[in-house]
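Taking it in order: structure first as structure tokens, then the write-up.
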Amino acid sequence: MSSTTSTATVKHKSISYAGWGYFFIAPFVIVYVACSLIPLFSTFYNAFFENYMDGLKHIGPNFIGFENFVTLFTPRADGRLEILNYTTNTMIMWVIGAVPQIVFALLLAVIFTSERMKIKGQAFFKTVIYMPNLIMASAFAMLFFQIFSSVGPINQLFFTGNGGSAYLFFDNTWSARSIIAFINFLMWFGNTTILLMAGIMGIDQSLFEAASIDGANSTQVFFKITIPLLMPIIIYVVITALIGGLQMFDVPQIITAGRGGPNNTTKTLVMALNSYIGTSKNYGMAGAVSIILFIVTGILSFVVFRSTEPKKEGKKK
């Protein structure tokens, strides 16, 4: 009898906290649904509708199926396909900015975490490296626009100061692309360095000590131990850099005053999307561009993930 009463008392006093998990994740779910999921479905919805402003008159929404996508993939009179041109511009500026960024950040991360070099004042260097990431992209864009303008210090130092004519950096395709790529490199290499340093410091130091005892040099340690064990972080960095690069907007928008010059060679996918939303409020075409951006991002992220995935050894017979 007493045993039964004791069991009942224990059951009565026990409290279940299982439901509190839902309470704590509820704010995130609400914000995600309201600010991400609903706009995402709205974008897909608008892509299949005619929905824009013609002056003061609102046209639509009228269902037109894939007409917006047909318009995007219809060549111009000169035979150029604008959506392909914008995608190419975006990828070129991402590659010439992100690839050096990841390589440089990886080298810095290895140097700062090296037990052999034992660099002093690492906290100071980490702060300095990360500081460009805290500056607004618009401020960077305006700074470099002034530096490389026709009357800027670069022209005065190398061209006009020697009696020559000014070099118009923003009227040349590759110089304009390179400046935009360098700004993105400068803004994000610090963040990438910190991530890679965290990954390297998470590797068991006994592995490096064992390799050193076995006579492995720094190059062998780097390629045989550091890179393979750091690969998950590298994949994360590459994919996030890819997603951010495909969404490139603020720097080229400010430097080219929204024109994407010269001759649309620095106009990105998001700049094209923004041009549809600007005055005409063409949500249908903007939605179509957004879906294309989503598909391109998904395909490239999948390619990066699969190409860097470690190969599984075949089963031994």
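Nothing in this text is a laboratory measurement; each read-out follows from the coordinates by a stated rule. Small disclaimer: the values here were computed from a predicted structure and weren't measured. Note that we place each Cβ from the backbone using ideal geometry, even for glycine, and neighbour counts take in every protein chain shown.
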*So how strong a dipole does the chain carry about its Cα centre when Lys and Arg Cβ are +1 and Asp and Glu Cβ are -1, to the nearest 20 debye?*
760 debye
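Quote to one decimal, in nm, the extra length available between F24 and M53 on full extension: 0.36 nm per residue of separation minus the C-alpha distance between them.
6.2 nm
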*Give a quick list of chymotrypsin sites (Phe, Trp or Tyr not before Pro) in the stretch 22-116 that DSSP marks as loop, anything other than H, G, I, E or B, with at most 14 other Cβ atoms within 10 Å.*
F66, F73
*Residues with beta-carbon under 13 Å from that of T266, excluding T266: net charge, scoring Lys, Arg +1 and Asp, Glu -1?*
+1
*Check every DSSP H run in the chain and write down those whose alpha carbon atoms cover 30 angstrom or more along the long axis and whose mean Kyte-Doolittle hydropathy is 0.5 or greater.*
82-112, 173-201, 283-308
*Calculated log₁₀ intensity ratio I(q)/I(0) where the Debye formula runs over C-alpha points of the stretch 189-232, q = 0.29 Å⁻¹*: -1.04
*Answer with one residue from L168, V251, A98: the one whose Cα lies farthest towards the positive end of the charge dipole of the chain, charges on Cβ with Lys, Arg +1 and Asp, Glu -1.*
A98
*Bin width 5 Å, alpha-carbon pairs only: give the P(r) of the stretch 29-123 as whole percents, running from 0 to the bin holding the largest distance.*
2, 9, 9, 9, 11, 12, 11, 9, 7, 6, 5, 5, 2, 1, 0
_Between Y32 and A166, what is 0.36 nm times their sequence separation minus the Cα-Cα distance? Round to one decimal in nm._
43.2 nm
*Qualifying trypsin sites (Lys or Arg not before Pro) in the stretch 115-201, DSSP loop, other Cβ atoms within 10 Å at most 11*: R116, K118, K120
*With the Cα gyration tensor of the stretch 83-277 in hand, convert its eigenvalues to equivalent ellipsoid semi-axes via √(5λ) and list them largest first in whole Å.*
37, 20, 14
*What longest region of the chain stays clear of GluC sites (Glu not before Pro) that DSSP places outside H, G, I, E and B and that have at most 12 other Cβ atoms within 10 Å?*
116-312
_Top positive-direction residue, dipole computed over the chain with Cβ charges, set S178, L134, G55_ = L134
_Just to be sure I understand the model, the point goes 7 Å from the Cα along the line to the Cβ. What's the resulting M136 to I203 distance in nm?_
4.0 nm
